[in-house]
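Provided herewith is a single structure, encoded as structure tokens, for subsequent inquiry.
The values are calculated or read from the model by the stated rules, or taken from the named source; none is laboratory data. Because the structure is a prediction, the values reported are computed rather than measured. Cβ placement follows ideal geometry from the backbone for every residue including glycine, while neighbour counts extend to all protein chains displayed. We work out accessible area using only protein heavy atoms, side chains counted, and drop any ligands, DNA or RNA first. Shrake-Rupley method; radii C 1.70, N 1.55, O 1.52, S 1.80 Å.
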Amino acid sequence: MGTGDSIAGGMDLISALPDAILHIIFSHFPTNFVIRTSVLSKRWKHVWSDTPTLSIDCSEADPDSLNRTLANYSAPRITSFDLRVSSKAQDIITLLEFAVSRNTEKLSLDFRDDCVCFYSFPGSFYTSSSLKHLVVDSGVLNTVHVSWTSLKDLSLSFCKLSDGTLAKIVSGSPLLESLTLHHCDEIGNLDLSEVMKLKRLDIDNEGPTTIVAPHIHCLRVRHSHMKCSLVDVSSLTEAYLNIYYSNCYYFKADLAQVYVLNMLEKLQNVKNLAFGAAFLEMLSLAEFCDIPFPMLKVEVLTLETMIVPSVIPGIAKLLQNSPGVKFLKLDLVNSKMISDWDLNYYLDLKGLDQNQCWIPKDLDFSTSLEPKLMTSFMEFLLENTSEDNTSQYNW
């Protein structure tokens with residue numbers, strides 16, 4: 001059998017696959033690529049139109065071909081629709097209404113193109129009984145009514161929306177279980193007390209100054225706002241906290257210490273805690289300034305940081321105030337740290353000796369090189385583990 005016959009035989013085998021299998025294969029490719037494959041087999045000519053997944057990038061499709069695609073698409077229900085909108089999209093409302101009309105279950109909208117990043121979503125966008133997962137990257141959300149009765153997972157990034165709009169969104173999403181807010185910086189007060197099924201909250205960068213979320217079990221906060229307050233997170237079982245920093249951080253250092261310790265106070269009963277490097281550095285400064293630390297009931301403690309002198313006093317104080325730790329994990333990552341200049345300038349302002357501050361008395365370092373520092377730090381942990389302590393260390 002020649003090469004041509006082998007290829008033809010292979011194509012015949014693929015063509016013989018059931019439609020359901022072909023749909024699974026097609027779901028891993030952009031829709032315009034899938035449409036082009038229809039020339040390979042007569043049977044494939046219309047199979048793409050029944051595939052319950054769509055992936056459309058408007059920057060790669062002219063308006064006429066996009067209209068033909070929508071007109072020829074015949075699947076009554078879309079399980080997953082990825083849509084990237086660009087300046088070439090002439091009728092965005094039609095695209096959104098198409099997604100709603102086909103009972104889309106998972107919708108991902110990318111409006112990051114500079115020409116559409118401030119697009120204001122129409123009222124029809126906020127009503128769907130089929131939508132379960134929604135991801136929106138950029139755009140303006142402003143509505144008087146929301147009815148997403150099946151929505152379980154909502155992720156908003158770089159979106160402009162007010163406290164009132166977000167309140168309407170969560171009120172109109174009674175089944176919401178997971179909420180992600182990344183760089184949605186106009187939100188002030190985040191009140192999720194009425195969202196009974198919400199279990200996971202993920203916040204990144206500036207955002208709410210107060211968080212009321214009594215029903216969530218998992219909280220992830222990477223924040224740069226110095227006034228963020230955890231008002232009610234009484235059901236938490238797992239939390240990750242870190243902070244962003246900027247140049248001249250010493251201007252905010254006093255406020256940051258109060259901020260991180262107030263958050264720590266609200267996490268006293270949480271069993272699974274994780275902290276990032278900048279958060280640990282703020283704990284170190286708080287230790288130098290003799291700010292009281294709360295006692296913690298944490299059992300699983302994860303430290304996501306590099307091992308550098310500026311985090312060690314904070315880690316030491318955490319361990320001292322966490323007598324119930326059973327499992328300690330050091331996740332050694334290349335972290336964004338507060339600059340040494342800012343940290344040391346702050347210590348100078350406080351009249352503190354830099355050389356005496358950074359290394360706890362129990363540690364004897366002759367160099368700050370990382371291998372030596374890591375070895376000494378591990379010895380410090382082991383020496384400070386009592387005989388009846390059942391802690392495990394995972395590096």
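Among the candidates 103, 67, which residue alone is at positive phi and at pLDDT 75 or above?
Values: 67 fails: at positive phi.
After applying the criteria, what remains is 103.
Within the range 332-348, track down each residue that is open to solvent by 50 Å² or more (accessible area, probe 1.4 Å) and of a type in the set (D, E, K, R).
If the condition is that a residue be open to solvent by 50 Å² or more (accessible area, probe 1.4 Å) and of a type in the set (D, E, K, R), then 336, 340, 348 are the ones that fit.
In the range 52-64, how many residues are out of contact with any strand residue (DSSP E or B) (no Cβ under 6 Å at 6 or more places or on another chain) and under 14 Å from residue 99 (Cα atoms)?
Here the count works out to 1.
Considering only the range 176-192, state which residues are under 17 Å from residue 229 (Cα atoms) and open to solvent by 10 Å² or more (accessible area, probe 1.4 Å).
185, 186, 188, 189, 191
Here is a further query. Among the strands (runs of 3 or more DSSP E) lying completely within the range 193-303, list those that include at least 3 residues that are out of contact with any Lys or Arg (no Cβ under 9 Å at 6 or more places or on another chain) and either within 30 Å of residue 345 (Cα to Cα) or open to solvent by less than 20 Å² (accessible area, probe 1.4 Å) (or both). Lay out the reasoning, then the answer.
Numbers: elements: 200-204, 210-212, 218-223, 229-232, 238-243, 272-276.
Once the strands (runs of 3 or more DSSP E) in the range 193-303 are filtered for at least 3 residues that are out of contact with any Lys or Arg (no Cβ under 9 Å at 6 or more places or on another chain) and either within 30 Å of residue 345 (Cα to Cα) or open to solvent by less than 20 Å² (accessible area, probe 1.4 Å) (or both), what remains is 218-223.
Taking the conditions exactly as written (in contact with a helix residue (DSSP H, G or I) (Cβ under 9 Å, 6 or more places away or on another chain), under 30 Å from residue 47 (Cα atoms) and touching a residue at least 40 places away in the same chain (Cβ under 8 Å)), does residue 86 satisfy them or not?
On the way: in contact with a helix residue (DSSP H, G or I) (Cβ under 9 Å, 6 or more places away or on another chain): yes; under 30 Å from residue 47 (Cα atoms): yes; touching a residue at least 40 places away in the same chain (Cβ under 8 Å): no.
No, not satisfied.
While we're here: Could you list, in sequence order, all residues of the range 81-111 that are assigned to a helix (DSSP H, G or I), open to solvent by 30 Å² or more (accessible area, probe 1.4 Å) and either among the small types (Gly, Ala, Ser) or under 17 Å from residue 32 (Cα atoms) (or both)?
Passing the criteria: only 101.
So residue 331 ticks every box in (1) modelled with pLDDT under 90; (2) over 25 Å from the mean Cα position of the chain (by Cα) but one. Which box is left unticked?
(2)
Let me ask something else. For the range 1-32, name all the residues that are hydrophobic (A, V, I, L, M, F, W, C) and either outside any helix (DSSP H, G or I) or at pLDDT 70 or above (or both). Break it down into steps so the answer makes sense when it comes.
The first filter runs over the range 1-32 and keeps only residues hydrophobic (A, V, I, L, M, F, W, C), leaving 1, 7-8, 11, 13-14, 16-17, 20-22, 24-26, 29.
Correct list: 1, 16, 17, 20, 21, 22, 24, 25, 26, 29.
Given 108, 157, which one is touching a Cys at 6+ places or on another chain (Cβ under 8 Å) and closer than 29 Å to residue 94 by Cβ?
Details: 108 fails: touching a Cys at 6+ places or on another chain (Cβ under 8 Å).
Selected residue: 157, the only one of 108, 157 that is touching a Cys at 6+ places or on another chain (Cβ under 8 Å) and closer than 29 Å to residue 94 by Cβ.
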